[in-house]
Each structure stands twice: as structure tokens, then as C-alpha cells.
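The structure appears right after this line, and notes come after that.
A short reminder: the numbers here are calculations on the coordinates, not readings from a lab. Small disclaimer: the values here were computed from a predicted structure and weren't measured. Methodologically, a virtual Cβ is constructed for each residue, glycine included, from the backbone with ideal geometry; neighbour enumeration extends over all protein chains shown.
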Amino acid sequence: MSARINPLAAGLNADLEKAAPEVLAMLSERGKRLYFPKGILSQGAEAKAKAKRFNATIGIATEGDEPMNLPSLMSHFEGLNASEALDYAPPAGIPVLRERWREKLLAENPSLADKSFGDPIVTAAITHGLSLVGDLFIDPGDKILLPDKLWGNYRLIYEVRLEAEIATFPFYDGEGFDVAGFEAALAREAEGCEKLVVLLNFPNNPTGYMPTVAEGDAMAKALLAQAERGTKLVVVTDDAYFGLFYHLGGESMRESLFGQLIGAHPNLLAVKLDGATKELFVWGLRCGFITLGPGRAATADTVIAALEAKIKGAIRGAISNSPKFSQSLVAKALASPTIAKEREQKSETLRLRAQKVYDVANEPRYAESFEVYPFNSGYFMCLNVTGVDAEDVRVRLLNEYETGLVATSKTDLRVAFSCLEVDDIEPLFELIHRAIQELRKD
Ligand SMILES: Cc1ncc(COP(=O)(O)O)c(C=O)c1O
């Protein structure tokens, strides 16, 4: 081991060694060194419970029983008191929010009902959760398996910052997910490899695809087969767009794969990343969660406690804690009796846009310009432009038609229908078609 191990980290590692040596073997060198210090925070927590006379531990300024605050700021927070708006949150998040997100997970994923999984740990949204996964499980040179259509920020997080090696599998096979391609890539990368991180993002960015139940089952089966064969798998589900399922062209899964992966095998640790950012339409509040699903139910509590301490250490050492203001707002929203209805209404607005895109983009007259990749959910869909460079189409649309799309490769254009009004959809696809035809003639 490269650096000295703190006794607290050694204690956590010893707990893992006893409860789940496979999970200890999944940790990066940094992950092995991580621990949550018995410093200011834990002494402060003890004082909060017992120091009823004078509590001179708190690292904020107070007046009376409240955090000190400026009226020019406080006057903008309606319905939140100064503590809810301005105080620090604990590194793992405020307990009430963690409880409510857990309830939400259980309500929306019936397969979790009888599973042993951790309480969601609050992150500064999903991007931070992705970084925490890297902190715990990725050493330079480690492999991470991703689809060939992916959110570009994964490269910054894992390849650039953490020096992992990205391996990819083909996302599509015809009208659906390339289960055989996934199985083959998984087998290829797992072969002779002690540990592999697999990152699955459904509904997917950039494709807007959510697998069918049969495809989900096949993915879970393929992962289990490699765990049984002996490779230790950290399987991360990035469920950023969870719940935005429109079932275009057929029924898709309605649950996260996370539920199927918990308790499946000691060599398989499931990690769920999700967030209020997209699900509650609060992107800039930076509120997300990381939830752990160990492979062995009998020792799950010990594994969860040890990994949670390490994650808290990683949070403390990077951002200290996530904004309490955001957490208080999200916790209150989750308790609202009308939130389910409100979310359904917004989801229906997005579904109508997706349906319109589905109908328009698949019109036969566009077939000479682009192919439509299968999509059924989320915010996005992709087009495979034929005979011209996707970046050239993007630039032409921008310069000639004041229209912005994202080119995700030499052939693919991503359309975010999440930010298009229904009436804008037909004219947009007409422009894409025109730009491609014009470029062909140039
Ligand atoms: C697949 C995927 N994961 C994660 C994120 C980041 O989410 P957050 O804003 O919660 O960090 C995005 C946002 O674009 C995304 O598309």
C-alpha cells in the first residue's frame, strides 16, 4: 500500500475483510485509505447531544438559537428558517431527506422491498456521486466499462481526472439494446481482470433509451455470470433521468436495474446514483444521492457502515458537505401531498414532446437525411446523419438557421426534446433535413 493507513481506515478495512473481503478488494488505494475522522464533526455531534449548557464546538456563527444571518439574504427564503437555509448539513446529508429519498426509492422500485441496501447518502448531485465512485473504486489504469454512446462528462471524471481506462460496448442492436454486445464486452473485459467497474445509465444520455424488461433481465444475468466466474464487479447505475418513461414503440422497464443487482452475488457491489436534479427539475440545487447495495445480505449492514464512513470521508475531504438549503427544500417538497401529481404533469408534458418527436422524426421523407436511433424516455434522442459530417450539420444549423443541437460523434446528432415546445418540433426537423440536403450539394 502506497501511503500510511490511518488506524480508523484500518479498522474499516478490517470490518470489510471480515464481512466481505470481495468489497475490500474492489477498493482503490485511495478507497482503502479513506475514513471519517473523529475530528470536529464527530466531537460537535457529541456536543450537540450532551452539551446543554455551553456548546462552543459549532463551526458557524450564531445568535440566540439561530445561525447568524443577514436580512438582505434571509428575506428571500420563504418557508425556511435560518437553520434550514444557511447552516451546514452533515456530510452524509440531513437525516430527514435521506429517509424520504429511501421511501421514494422503495415506492418507485418494488423490487427493493426485501433487499438490504444503504440509506441514500446525499451528494452535490449525480456528477459528485460519479466522482465519489471514482474516489472509492478507481485506481489509475483500472478499467471501466461503458456503452459507446455516453455522457461526455464520464470521460473527464474517469479518464482525465482519475486515469481509468474506458472500455466500451455497442449500445444498439437494430431496434433495441445490444445485449449480446454487452455480454461479449463484459466477458472480454472481465477475463483475467480481478476487478471491473461497469457504469450503466438508463434512461440514457444521449440516446433517450430505456431497455425492455427482457433486456434488463439479460444484463443482470450477464453481470451475475461474470461475478460467478470470479471477477469483482462494481456496477454503478446512473439513474439521472429515472421515472421519465414514455414507452414509445413498446413497453420499457419501469424500475432501476439496481433492485435486481442487490444481494445477487458477493462479487457484485451495486451502487445507485440518482438525484433531485432531473427527477424534481431542480438542476442547479445540486442535490443527488449515492446508495449502496451489497452482494451478501447477511453482512450488508457492516459493509454499508464501512463504505458510508469512507464516502463521508471522501465528501469531507473534497467539498465538506452538500448545501443544506437545497436539502431542506427537497425534503419539504418530497413531503408535499401534491408532489406526485405535479411530477406526473411535468412527465406528461415531456412525454407529449417525445411522442411528437417520435412521429415527426420517423416520417419517411426524412429517411434520406437521417436514421432515428430507438428512444423511449428521458430528455434526448439521437439521429444518425447519412452522407455528411454531424459536426458540419451542427455548425450549419447554428450559422444559417440559428438552431442549436449537439454533435456527439462524426455521425450522431443529439436533440434535447426536453427543451422544445411541441409546436417547435416539426419545424426543427424540417431544418435538420434541409441543412443535411444543402451540405450534400455543397
Ligand atoms: C447521464 C447523466 N448523468 C449525470 C448527469 C449530471 O447530473 P447532475 O446535474 O445531478 O450532476 C447528467 C446531466 O447531464 C447526465 O446526463
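Distance between the modelled labels on ARG188 and GLU344, one decimal in nanometres: 4.5 nm (7 Å Cα→Cβ projection).
State the dimensionless ratio Rg/Rh of the chain (Rg: radius of gyration of Cα atoms; Rh: Kirkwood radius). Over the Cα atoms of the chain, Rg/Rh equals 1.00.
Among beta bridges from DSSP that stay inside the chain, the antiparallel ones total about 55%. Comparing ALA49, ALA297, ALA214 in a Gaussian network model of the chain, where Cα atoms under 10 Å apart are tied by springs, the biggest mean-square fluctuation is seen for ALA49. For segment 396-442, rounded, prolate or oblate, judged on the Cα gyration tensor with a ≥ b ≥ c (square roots of eigenvalues), a/c < 1.5 rounded, else prolate if a/b > b/c? Because a/c hits 1.5 or more and a/b fails to exceed b/c, segment 396-442 counts as oblate.
Counting only helical runs of four or more DSSP H residues, what would the 222 nm mean residue ellipticity of the chain come to if each run contributes -39,500 (n - 2.57) and the total is spread over all its residues? Spell out each step's value before the answer.
Numbers: 17 runs with 193 residues, N = 442.
It comes out at -13500 deg cm²/dmol, rounded to the nearest 500.
Our note on the geometry: Cα centres of segment 315-330 and segment 372-442, 37 Å apart. Comparing LYS232, LYS310, LYS346 in a Gaussian network model of the chain where C-alpha atoms under 10 Å apart are linked, the largest mean-square fluctuation is found at LYS346. Could you pull out every one of the lysines with an alpha carbon less than 17 Å from that of LYS38, ignoring same-chain neighbours closer than 8 positions? Reachable lysines: LYS48, LYS50, LYS310, LYS312. Distance between the pseudo-spin-label points of SER320 and TYR401 (7 Å out from Cα toward the beta carbon): 4.9 nm. A Förster radius of 45 Å combined with the Cβ-Cβ distance from VAL96 to GLU17 puts the calculated FRET efficiency at roughly 0.85. Note on segment 340-441: semi-axes of the ellipsoid equivalent to its C-alpha gyration tensor, largest first and rounded to whole Å, are 25, 13, 12. Here, segment 263-309 is characterised by an Rg to Rh ratio of 1.14, where Rg is the alpha-carbon radius of gyration and Rh the Kirkwood radius. Scan segment 1-93 for chymotrypsin sites (Phe, Trp or Tyr not before Pro) in coil per DSSP, keeping those whose Cβ has at most 13 other Cβ atoms within 10 Å, and list them by number. Within segment 1-93, the qualifying chymotrypsin sites (Phe, Trp or Tyr not before Pro) (loop, at most 13 other Cβ atoms within 10 Å) are PHE54.
Can you compute the charge dipole magnitude of segment 112-223 about its Cα centre, using +1 on each Lys and Arg Cβ and -1 on each Asp and Glu Cβ, nothing else charged? Give it in debye, rounded to the nearest 20. Could the numbers behind the result be given before it?
Details: 8 positive and 18 negative charges, 48 e Å.
Approximately 220 debye in magnitude.
Whole Å is fine, so just give me how far the alpha carbon centre of segment 134-154 lies from that of segment 37-66. Using only Cα atoms, the two centres lie 39 Å from each other. Highest mobility in the GNM of the chain, judged by mean-square fluctuation with C-alpha springs under 10 Å and restricted to MET74, MET381, MET219, is found for MET74. Across the chain, C-alpha contacts under 8 Å between residues 6 or more apart give a mean separation that, scaled by the residue count, equals a relative contact order of 18 percent.
Once you charge only the Cβ atoms, +1 for Lys and Arg and -1 for Asp and Glu, what is the size of the charge dipole of the chain about its Cα centre, to the nearest 20 debye?
Numbers: 48 positive and 61 negative charges, 377 e Å.
Using only the charged Cβ atoms, the result is roughly 1800 debye.
Database remark: amide H of VAL197 closer than 5 angstrom to the amide H of LYS143, LEU145, VAL234 (H placed geometrically; neighbours at sequence offset of 5 or more, or on other chains; Pro and chain starts carry no H).
Full extension of the chain segment joining ALA297 with ASP424 gains 40.7 nm, where the gain is 0.36 nm per residue of separation less the Cα-Cα distance.
Contact order normalised by length for segment 340-441, with contacts defined as Cα pairs under 8 Å and 6 or more residues apart; what percent is it? Numbers along the way, then the final one.
Values: 127 pairs, mean separation 31.4, N = 102.
Worked out over segment 340-441, it gives 31 percent.
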